[in-house]
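The values are calculated or read from the model by the stated rules, or taken from the named source; none is laboratory data. A quick note: this is a predicted structure, and the numbers were derived from the prediction, not measured. Every residue, glycine as well, gets a Cβ built from its backbone with ideal geometry; the counts of neighbours run over all protein chains shown. What goes into the accessible areas is simple: the full protein's heavy atoms, side chains included, and nothing from ligands, DNA or RNA. Shrake-Rupley method; radii C 1.70, N 1.55, O 1.52, S 1.80 Å.
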Amino acid sequence: QVQLVESGGGLVQPGGSLRLSCTASNIRGFRLWTMGWYRQAPGKERESVAVITDDGGKVYANSVQGRFIISRDNILNTVYLQMNILKPEDTAVYYCKAKRQVSIEGVLEAWGQGTLVTVSS
């Protein structure tokens, strides 16, 4: 089973920055997987924050566009989320996700355990 471990969460002041890391293990061909960051705030649905594809394409949620940067290191099997100009509404548990399409219908997915980001004074 693919395992994802996130790190880097914590308490930060509004306007501050934080970098999250997610390292995959027991994964074959990491560079072929689409990686993403998702978050779930208290009482809210889980939402996509940023996604990076196998070819380096990136998609961001409108709420983080221009503030967050997703990147990946295929040698280290790691995906990062650089979060800048953090706002209180960014407070959430952030989850790392790995996905690979293996057929027209079949998709492999793995989720990390989540790391808490709290933006507060």
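Assess whether Y38 counts as being of a type outside the set (K, R), within 10 Å of the chain's Cα centre (by Cα) and open to solvent by 30 Å² or more (accessible area, probe 1.4 Å). Steps first, answer last, please.
Details: of a type outside the set (K, R): yes; within 10 Å of the chain's Cα centre (by Cα): yes; open to solvent by 30 Å² or more (accessible area, probe 1.4 Å): yes.
So Y38 passes the test.
For I69, which of the numbered conditions (1) over 23 Å from G10 (Cα atoms); (2) open to solvent by 30 Å² or more (accessible area, probe 1.4 Å) fails to hold?
Going through the list (1) over 23 Å from G10 (Cα atoms); (2) open to solvent by 30 Å² or more (accessible area, probe 1.4 Å), I69 breaks only (1).
What are the pairs with Cβ atoms under 6 angstrom where one residue, in the stretch 57-80, is under 24 Å from L32 (Cβ atoms) and the other, located anywhere, is open to solvent by less than 40 Å² (accessible area, probe 1.4 Å) and charged (D, E, K, R)? Sequence gap at least six, or different chains.
From the stretch 57-80, no pairs qualify.
Tell me, please, whether a residue that is outside any strand (DSSP E or B), modelled with pLDDT under 95 and farther than 17 Å from S7 by Cα can be found in the stretch 60-73. First the steps, then the outcome.
First pass over the stretch 60-73, keeping only residues outside any strand (DSSP E or B): 61-67.
With modelled with pLDDT under 95 added as a condition, the list becomes none.
The answer is no; no qualifying residue exists.
If only one of L20, L86, L108 is open to solvent by 40 Å² or more (accessible area, probe 1.4 Å) and either assigned to a loop (DSSP other than H, G, I, E, B) or in contact (Cβ under 8 Å) with a residue 24 or more places away in the chain (or both), which one is it?
Exactly one residue qualifies, and that residue is L108.
Yes or no: L18 under 20 Å from S121 (Cα atoms) and hydrophobic (A, V, I, L, M, F, W, C)? Walk me through how you get there before you give the answer.
Working: under 20 Å from S121 (Cα atoms): yes; hydrophobic (A, V, I, L, M, F, W, C): yes.
Against the criterion (under 20 Å from S121 (Cα atoms) and hydrophobic (A, V, I, L, M, F, W, C)), L18 qualifies.
Which of (1) at pLDDT below 95; (2) closer than 19 Å to A24 by Cα; (3) not aliphatic (A, V, I, L, M) is the odd one out, the single condition G106 does not satisfy?
(2)
Could you identify the single residue in V49, V59, V102 that is buried (at least 19 other Cβ atoms within 10 Å of the Cβ), in contact with a strand residue (DSSP E or B) (Cβ under 7 Å, 6 or more places away or on another chain) and of a type in the set (V, I, T)? Break it down into steps so the answer makes sense when it comes.
Numbers: V59 fails: buried (at least 19 other Cβ atoms within 10 Å of the Cβ); V102 fails: buried (at least 19 other Cβ atoms within 10 Å of the Cβ).
Exactly one residue qualifies, and that residue is V49.
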